[in-house]
Amino acid sequence: MNYDKHIEEFSKIAQEYCTWVETKESKANDAFYAQILLSKLYCWGIQLPDCETTDEFENDSIPLHDHSEVVKLFSDFPVSYYSQVFNAEIIPSEEPCIGDVIDDLADIYKDLKDGLWYLENTSTVDAVFQWRFSLGVHWARHALGAMYAMLCHEK
């Protein structure tokens, strides 16, 4: 299967998401737009191919992101805390924990931005590995939790 289209679409949406986060404009009316971006990211992200990294992947040059500065960009976002079950495979369910949409959006930004850095500075393979790995272990949970919280907030 040729994954070039999947990689191209995902990288475009990742860039769109990061650009949206980085804008200093109010995000008070952006919950619907955030849901669209997150659903596209998830849809294209799960279609990214599995791959191995190149020798350039362990690179000390990758920039650090100030989580608190990213969180500040969402100061007026209309949704924040929500209740969630951390592990849906435990039945009966464990005690709910508290999720935070703003933290979710900031964490997703970091994972996507790291992949974009690899795309620009090392290789497409390293970017895809970063996005695919971080999707599986980190940002998919954040995206799905945030989308569900925003859906509930609309009612």
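Test each condition in (1) under 20 Å from Ala146 (Cβ atoms); (2) part of a helix (DSSP H, G or I); (3) open to solvent by less than 50 Å² (accessible area, probe 1.4 Å) for Glu16 and report the one that comes out false.
Against the list (1) under 20 Å from Ala146 (Cβ atoms); (2) part of a helix (DSSP H, G or I); (3) open to solvent by less than 50 Å² (accessible area, probe 1.4 Å), Glu16 comes up short only on (3).
For (1) open to solvent by less than 50 Å² (accessible area, probe 1.4 Å); (2) of a type in the set (Asp, Glu); (3) farther than 17 Å from Phe77 by Cβ, each residue gets a yes or a no:
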| position | (1), (2), (3) |
| --- | --- |
| Tyr109 | yes, no, no |
| Leu119 | no, no, yes |
| Trp131 | yes, no, yes |
| Ser134 | yes, no, yes |
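Considering only residues that are hydroxyl-bearing (Ser, Thr, Tyr) and open to solvent by less than 40 Å² (accessible area, probe 1.4 Å), which ones fall in the range 68-82?
Ser80, Tyr82
Might you check whether a residue that is open to solvent by 40 Å² or more (accessible area, probe 1.4 Å) and among the acidic types (Asp, Glu) occurs anywhere in the range 60-67?
Checked the range 60-67: at least one residue is open to solvent by 40 Å² or more (accessible area, probe 1.4 Å) and among the acidic types (Asp, Glu).
Examine the range 87-94 for a residue that is touching a residue at least 12 places away in the same chain (Cβ under 8 Å) and on the phi < 0 side of the Ramachandran plot, and state whether such a residue exists.
no
Can you say whether Ile36 is out of contact with any helix residue (DSSP H, G or I) (no Cβ under 8 Å at 6 or more places or on another chain), open to solvent by 90 Å² or more (accessible area, probe 1.4 Å) and of a type in the set (A, V, I, L, M, F, W, C), as far as the supplied structure shows? Write out each step before concluding.
On the way: out of contact with any helix residue (DSSP H, G or I) (no Cβ under 8 Å at 6 or more places or on another chain): yes; open to solvent by 90 Å² or more (accessible area, probe 1.4 Å): no; of a type in the set (A, V, I, L, M, F, W, C): yes.
Criteria not met by Ile36.
Looking at Ala28, is it of a type in the set (A, V, I, L, M), closer than 20 Å to Glu154 by Cβ and in a helix (DSSP H, G or I)?
No: the conditions fail for Ala28.
For the range 86-107, give me the residue count where each residue is open to solvent by 30 Å² or more (accessible area, probe 1.4 Å) and modelled with pLDDT under 95.
13
If you go through the range 58-106, how many residues are touching a Phe, Trp or Tyr at 6+ places or on another chain (Cβ under 8 Å) and hydrophobic (A, V, I, L, M, F, W, C)?
Looking only at that region, the number is 8.
On the given criteria, is Phe57 surrounded by 16 or more Cβ atoms within 10 Å (Cβ to Cβ) and in contact with an Asp or Glu (Cβ under 6 Å, 6 or more places away or on another chain)?
Criteria met by Phe57.
The values are calculated or read from the model by the stated rules, or taken from the named source; none is laboratory data. The model shown is predicted, which means the values in this text are computed figures rather than measured ones. Quick reminder, even Gly has a Cβ in these numbers, built from the backbone with ideal geometry, and neighbours come from all protein chains shown. Note: accessible area is taken over every heavy atom of the protein model, side chains too, but ligands, DNA and RNA are not part of it. Shrake-Rupley method; radii C 1.70, N 1.55, O 1.52, S 1.80 Å.
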